[in-house]
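What follows is one structure encoded as structure tokens, with my remarks underneath.
Any read-out appearing in this document is the output of simple, stated calculations on the displayed coordinates, not a laboratory observation. The structure displayed is predicted, hence computed values, not measured ones. Quick reminder, even Gly has a Cβ in these numbers, built from the backbone with ideal geometry, and neighbours come from all protein chains shown.
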Amino acid sequence: MIDRDQVLHVARLARLKLTDEEVERMSSELSAVLDHIENISQLDLDGVEPTTAVVELENVLRADEPRPSWPREQILEQAPDASDEGFRVPSPGA
């Protein structure tokens, strides 16, 4: 079973603030998920083709056709900090 400390660790990594009630609920729910995964790992799946979707998918994306875009000035006028090249964002760790 996943304990309280493990739930709090995962919540911190995900930047989630959980109540005590949510921590207890997540502990049992995450434990149930891991139990299901353990059950699946015990199955003999030799010869079973891996799948990415349960049903066959076809033509799920629209055709990639060029079309006019919005004017650069219109897009950048709403930006809090823009340059001639585009949006300015803080450096990582800044």
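Odds and ends about this structure:
- Of all residues in the range 30-78, those satisfying the criterion of being in a loop (DSSP other than H, G, I, E, B) and of a type in the set (A, V, I, L, M) are Leu43, Leu45, Val48, Ala53, Val54, Val55, Leu57, Val60, Leu61, Ala63.
- When residues of the range 1-26 are limited to those that are touching a Ser or Thr at 6+ places or on another chain (Cβ under 9 Å) and aliphatic (A, V, I, L, M), the one surrounded by the most Cβ atoms within 10 Å (Cβ to Cβ): Val7
- Filtering the range 65-79 for residues that are surrounded by 10 or more Cβ atoms within 10 Å (Cβ to Cβ), in contact (Cβ under 8 Å) with a residue 12 or more places away in the chain and of a type in the set (Gly, Ala, Ser) leaves an empty set.
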